[in-house]
Structure formats: C-alpha cells, structure tokens
Amino acid sequence: MKETSTTGPRSDATAAGARVELDRLVRTFGSVRALDGFTLTIEPGEFVALLGPSGCGKTTALRVLAGFEQPDEGRVVVDGQDLADVSAQKRDMGMVFQSYSLFPNMNVTNNVTFGLRMRHQKKGPSRAKAGELLELVGLSDQASKYPHQLSGGQQQRVALARALAIEPRVLLLDEPLSALDAKVRGELRDQIRSLQQRLAITTVFVTHDQEEALSMADRVCVMSKGNIEQTATPAVLYARPTTAFVAQFVGISSRVPVETSGNEVTIFGQTCPIRTGEADPGAGPRDALLRPEDFGIEVDPDGKGFVTHKSFLGATTRLVVQVGEISVRVDVRSDQGADIELGTHVRPRVIARDVLVAPRMAIAAAVVDG
Amino acid sequence: MLLAGAYFLLPLYAGLKFALQNDAGHFSFFAVKAIPSAQGFSAAFTLSMKLALVTVVLAMLLMVPTTIYVHLRLPRVRRIVEFITILPIVIPPIILIEGVLGSYPGWIKSSPYLLSFLYVVLAMPFVYRSLDAGLGAIDLKTLVEASRSLGGSWAQTLRRVILPNLRPALLSAMVLTLALVLGEYTMASLDLWETVPVWIVNFQQSDGHITVAASMIGLIGTWVLLTLIVSLDRSQSRRSRRKAGTT
C-alpha cells in the first residue's frame, strides 16, 4: 500500500452517513489473494470510488463490506461496530448491483417497498415512501410496471430507489452503470451523485471506469492486486499520481526513458525536477511518466520530433509526437493544433513543474503509452 | 415423417376407437361411463392420487432446496448432481425396489407410501432438470443477495423471491412427477399395491373396453397437462425475450 488518506473532503459536512473502516482485510480464493491487507477508512457522508482493473479486488472489498463474503483476516467496522458476526441481512446496507436485480415477480412499487416490508413496516407508509423515492428518481409514472417493461436505465433507477428506501447506513454501488449505454450512463451518473449529496449517505462505488470514478467520487481509491495504490481526491489523483500504476491507469501517460541525476532528470535535453514526496528514485535509468498536458510543443523545422497522429477532442487537440524511438502524446489548444499537419517537425518541451519517475520498462513497452 | 406419425398415431387411433365401441362394434360412451363404477377402480384411483400427492410433496421438499443450494453454493458440482439424478433411469426398477426394501424401516415397508419414496427417486431426473432449467433462467445469486441486503431472511427470500420466479419450473416438475406416478406399473405391481395402472392390467381380463378407455383418459389427461407446461414455458420465454429487448 503506497498511500491511504483517511480524511475525506466532506468529513465535516454530514451526520447522516456512517463511518466505515475496512481494516487489514485479507480474502483468498484458492491461491489468489483477492484482498491483501486492504485498509481504508470512509468518513460519514463521503462518496468513495474503488477503481481498478478486473481482478484487483474492488468487488471483493465491496462484497466483504456488504456481508456476502467473509474475510479470512481483518475487520469491517461501521460506526464503531465490528460487523464480523452480523449477517448481510442485518447490516442495513443498500446495494445496487451490476446486473439488473429487480425482483421480476414484483412491480416497481413492490420492489421499492420490499426492504420496508422485511422490516415489518405497514403497507400504507411503505407505499408512501416508495412514491417519494420514485419521484426522486423520476419514475413516479412507472410505479405499476414490472421490471421487464422497463429499460435498463429505469431498472437501475428503481434499484437505487429500492436501496435507498431502507435508509441504509451505507450505500453500495457495484458497477451499476456498466450495462447501460453511454447517454443513459451519463444521466444516471449525475443523478446518483446528486442524490448521494442530497441525502448525505456514505457511499462506496465500485467501477473500472476512471471517468465515472473521477467525476462522481469525493475520493478515489485506486486498487491493484488486492491492495491500494493510492487514495486521493480526483484532482490530486490525476495531477499527482504517486505510483507508476496510478499514473498509467488514471488518465493517459507517456513513458519517456530518462537518466536520473540527484533530484533531476533530463527529458529531450531539458532538465526537470523529480516530483517531491516520492521515495528516492536512485540514480540511473528510469522512465518519466508525463500527461499529455505536461508537454508543450513548438513548431521547428529542425526539431527532432514529428507529428504522427492528430485527434480533435474539442477544446484541445491531441498529437502523437515521435522523437526517435519514443512516442509521446501532447495536448495543445485546438486553435494551435489546427495549424499543425501530420509530419510537421516539432520540438516537445516539458511544461509540468515536476515529473513522476518509475523503474524503466522494456523499450517495446515504453513506446506504448497510457 | 408420415411414417413416424403413423407409428405414433395409429395405436392411439385404434385404442380410442376400441374404447368408444360397445361389444357389438357400434360407437358408444358406455366404457367411459362405466369406469367410475368398475370394480376396484375407485380404490385404485384414490390410492394413485394419494401417492401422487405425497410423491409431489416429498419430491419438492427434497429437490427444491437441494437444487437451489447447488446453484448458489456448489455450482461446480452441478454436473455431478445431474449425473446422480440420471441414475434412476439406468438402474432397473427391480434393483431399486430391492434396495429400498432392504434399507427402509419395517413400518414403511407395509405401507403403500413406500411407493412414494420409490417414485421420488424415479422422478428425480425430471424434477432436477425442470428446476435446474428454471433456476438457470433467473439471476439467482443476484436476486438472493438483493433480498438479503434489503433485510430478507432465507425463508422470506425463498417464499417471496425465489419460488414465485420459479413457478413455471415448479409446475413442470410437479406435473411430470404426477404423470410418472399415475403411469407407473412395475414398482406398484412388484410391491403388490393396486394403483390405476395395476388395476388396468388386472381388470383387462374382465372388460377390455373399460380398461382401454381408462388408459386413453389417462393419456389425454397427461397430454393436456404437458401442453399446459409447454404453453407456460413459452410465455416465460416471451417474457425473457421482452426483458432482453429492453436492456
């Protein structure tokens, strides 16, 4: 584990949500350690995204929190209560699943009231609450429909209303948007975030989509091999990744082979400071990891680089610049990019205040960035 | 295809024609009308229905939790369980009944309900396949976890979530079990109990028209039930297709 911040940005803002502590969780499946000493604290009302590639352990962490998996080691503590002996049924955690999980034999209202009925609440108040929640998710007019009569986005909205109906201590979202098309995904993403902020409910959101994680969460916890690489706010995670894994998994980074000398590296003839706060990178061959916006370019007929690809992204244009064997991605303002043709000779320069360095990769891998 | 059709339909036609004829060879419903009052039919029918009811209940109590458990907790052993359920088809009935008689307690051996235990074993292939297909058609794990996270106990989850969504499969399993019990001859005969099939064979010597009429009614009744299952399956498939179309 490289870094685990335990103070969320909204820790002082909410009282409704619960404080969640996942303490040195270990969970193995056969010879695979899905969680390997996973430790994370989530403040009340905070929205934390667990982000990582398939098999990194993010869903296992969520399922351990929900009570669907028992950890081999470690503790799950919610508001000071150790949940070791508390079954999923008694944990008061609302969950929205990746696959459509509405009960096919019940209409929308009965799906939403299910949790309340399990808590022996009377039919009248339960239905009234379901009505309120369906209005909140914009599905008041669908109350009598059955799941098979709803679109995927509508089903996930109902699932969200159903999870919120029980006023859970923690809301768990297991890739709830992954089965939806891009437009619906964007709409529901905004709706979930808005509801979460309005209700101030502690939320854990599992995703492999960095855009979702960065746009929705207060903090993003990047996971790899059952543990945390870095936990930070989206802005810090993107701008100040502390490990090569995070730099490459979140956003796009180009790897440029460099030689370190003290606290500096030389990139395309330009000396740059190494990012502070890192462990001593040591002298010798390393790779610098640079975002597209860390570079600027100057058109120069004598420049060593030339443009091999060009993609219009709206406000910016992304160029791929080949310098010798190294390929880097550079973002320029689109009005500047419009004048640059493929094959144009340019001189890339680093405009970032410092750079992240990582152990050298093989040259074949180094030229493939991000 | 015509040949196959003839192979299947000609005996049925012949049986039906014979059942609807009087001794003089004229069309008549006398055999059908005479079935309820035929000697021994009422007792045999009552016994068959009791056995069918007990068998269906026993089979469901045994196989529903087992199949759900295998799907939820032991998906890797599904093929092994499937293999085990096929065994009653390949093991001769005489071996099955000898095994049961040798292993069951004495009090049940003298009861006709011993047959229900045997029929549960015989029905296993059909019951397991029906339930397995039904469970495979729903996202069981997610539905169970959704129910549990919302506060549902195992019993509530079973009653309110799993069983309602398994209704066509349950119905299919029950009807197949019923058809098997109402048509089973060998074991009842070996165990010396007069169920409807045994009565048909015994009474044949007294009046062939009546026994053939009873066989035809049994056959048509089973056919109606199976048609009902197929139409329910189709309705479920349409629902699944509509669901797939909306996602």
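Answer yes if at least one residue in segment A:43-50 is within 14 Å of chain B (Cβ to nearest Cβ) and either part of a strand (DSSP E or B) or closer than 21 Å to A:P176 by Cβ (or both), and no otherwise.
So far as segment A:43-50 goes, no, none of its residues is within 14 Å of chain B (Cβ to nearest Cβ) and either part of a strand (DSSP E or B) or closer than 21 Å to A:P176 by Cβ (or both).
Hey, could you check segment A:120-141 for residues that are surrounded by fewer than 20 Cβ atoms within 10 Å (Cβ to Cβ) and polar (S, T, N, Q) and say which is nearest to the other protein chains (Cβ to nearest Cβ)?
This residue is A:Q121.
Determine which single condition B:A133 fails, assuming it passes every other condition in (1) touching a Pro at 6+ places or on another chain (Cβ under 9 Å); (2) touching a residue at least 12 places away in the same chain (Cβ under 8 Å); (3) surrounded by fewer than 17 Cβ atoms within 10 Å (Cβ to Cβ).
Answer for B:A133: the failing condition is (1).
Evaluate segment B:107-115: report whether one residue or more is assigned to a helix (DSSP H, G or I) and among the aromatic types (F, W, Y).
Yes; the residues of segment B:107-115 include at least one that is assigned to a helix (DSSP H, G or I) and among the aromatic types (F, W, Y).
Take A:K58 and tell me if it is touching a Gly at 6+ places or on another chain (Cβ under 8 Å), away from chain B (no Cβ under 14 Å), closer than 22 Å to B:L143 by Cα and not acidic (D, E).
yes
Looking only at helices (runs of 4 or more DSSP H) that lie completely in segment A:82-199, which have at least 3 residues being without any contact (Cβ under 8 Å) to a residue 40 or more places away in the chain and more than 27 Å from the chain's Cα centre (by Cα)?
A:108-118, A:123-136
Taking B:G151 and the conditions (1) modelled with pLDDT of 85 or more; (2) within 14 Å of chain A (Cβ to nearest Cβ); (3) not in a loop (DSSP other than H, G, I, E, B), which numbered condition does it fall short on, given that it satisfies the others?
That leaves (3) as the condition not met.
Each row is one residue, and each column tells you yes or no for (1) of a type in the set (S, T, N, Q); (2) touching a Phe, Trp or Tyr at 6+ places or on another chain (Cβ under 9 Å).
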residue	(1), (2)
A:R193	no, yes
A:V206	no, no
A:I228	no, yes
A:P234	no, no
A:A244	no, no
A:V250	no, yes
A:R255	no, no
A:S261	yes, no
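Can you pull out the residues in segment A:337-360 that are farther than 15 Å from A:K304 by Cα and either without any contact (Cβ under 8 Å) to a residue 24 or more places away in the chain or assigned to a strand (DSSP E or B) (or both)?
Selection gives A:A338, A:V355, A:L356, A:V357, A:A358, A:P359.
Restricting to segment B:200-214, name every residue that is surrounded by fewer than 18 Cβ atoms within 10 Å (Cβ to Cβ) and not hydrophobic (A, V, I, L, M, F, W, C).
Of everything in segment B:200-214, those that are surrounded by fewer than 18 Cβ atoms within 10 Å (Cβ to Cβ) and not hydrophobic (A, V, I, L, M, F, W, C) turn out to be B:N202, B:Q204, B:Q205, B:S206, B:D207, B:G208.
With respect to the numbered conditions (1) of a type outside the set (G, A, S); (2) under 17 Å from A:V350 (Cα atoms); (3) surrounded by fewer than 19 Cβ atoms within 10 Å (Cβ to Cβ); (4) modelled with pLDDT of 90 or more, which one is the sole condition not fulfilled by A:D294?
Answer for A:D294: the failing condition is (3).
This table checks each residue for (1) away from chain B (no Cβ under 12 Å); (2) modelled with pLDDT of 90 or more.
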site: A:P147; (1), (2): no, yes
site: A:S151; (1), (2): no, yes
site: A:I166; (1), (2): no, yes
site: A:L171; (1), (2): no, yes
site: A:L180; (1), (2): no, no
site: A:V184; (1), (2): no, no
site: A:E187; (1), (2): yes, no
site: A:Q191; (1), (2): yes, no
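How many of the residues in segment B:4-50 are part of a helix (DSSP H, G or I), of a type in the set (A, V, I, L, M) and either touching a strand residue (DSSP E or B) at 6+ places or on another chain (Cβ under 7 Å) or more than 26 Å from B:Y119 (Cβ to Cβ) (or both)?
Number satisfying all stated conditions: 10.
Take segment B:55-100 and flag every residue that is in contact (Cβ under 8 Å) with a residue 60 or more places away in the chain and more than 23 Å from B:R167 (Cα to Cα).
B:P93, B:I94, B:L96, B:I97, listed by residue number.
Within segment A:21-64, can you find the residues that are closer than 11 Å to A:V206 by Cβ and of a type in the set (G, A, S)?
Of everything in segment A:21-64, those that are closer than 11 Å to A:V206 by Cβ and of a type in the set (G, A, S) turn out to be A:A49, A:G52, A:G57, A:A61.
Mind checking which residues of segment A:263-291 are modelled with pLDDT of 85 or more and among the aliphatic types (A, V, I, L, M)?
A:V265, A:I267, A:I274, A:A288, A:L289, A:L290
Among the residues of segment B:183-199, write down those that are surrounded by fewer than 20 Cβ atoms within 10 Å (Cβ to Cβ), within 19 Å of the chain's Cα centre (by Cα) and not in a loop (DSSP other than H, G, I, E, B).
B:G183, B:T186, B:S189
Looking only at segment B:168-206, count how many residues are under 30 Å from B:D139 (Cβ atoms) and out of contact with any helix residue (DSSP H, G or I) (no Cβ under 8 Å at 6 or more places or on another chain).
Matching residues across segment B:168-206 total 0.
Tell me which of these A:I201 doesn't satisfy, since it passes every other one: (1) over 10 Å from A:V137 (Cβ atoms); (2) within 14 Å of another protein chain (Cβ to nearest Cβ).
Result: A:I201 passes all but (2).
With B:A14, B:A31, B:A43, B:A19 as the choices, which residue is modelled with pLDDT of 90 or more and under 19 Å from B:I217 (Cβ atoms)?
B:A43
Considering only segment B:63-70, I want to know if a residue exists there that is out of contact with any helix residue (DSSP H, G or I) (no Cβ under 6 Å at 6 or more places or on another chain) and closer than 30 Å to B:E194 by Cβ.
no
From the set of residues in segment A:200-218 that are touching an Asp or Glu at 6+ places or on another chain (Cβ under 7 Å) and part of a strand (DSSP E or B), which is nearest to A:V330 (Cα to Cα)?
Filtering segment A:200-218 for residues that are touching an Asp or Glu at 6+ places or on another chain (Cβ under 7 Å) and part of a strand (DSSP E or B), the one nearest to A:V330 (Cα to Cα) comes out as A:T207.
Which of the residues that make up segment A:244-258 are surrounded by 22 or more Cβ atoms within 10 Å (Cβ to Cβ) and either at positive phi or charged (D, E, K, R) (or both)?
A:R255
If you go through segment B:154-169, how many residues are away from chain A (no Cβ under 11 Å) and surrounded by 21 or more Cβ atoms within 10 Å (Cβ to Cβ)?
2
The values are calculated or read from the model by the stated rules, or taken from the named source; none is laboratory data. Model, not experiment: these values are computed from the prediction. We place every Cβ from the backbone using ideal geometry, glycine too, and count neighbours over all the protein chains shown.
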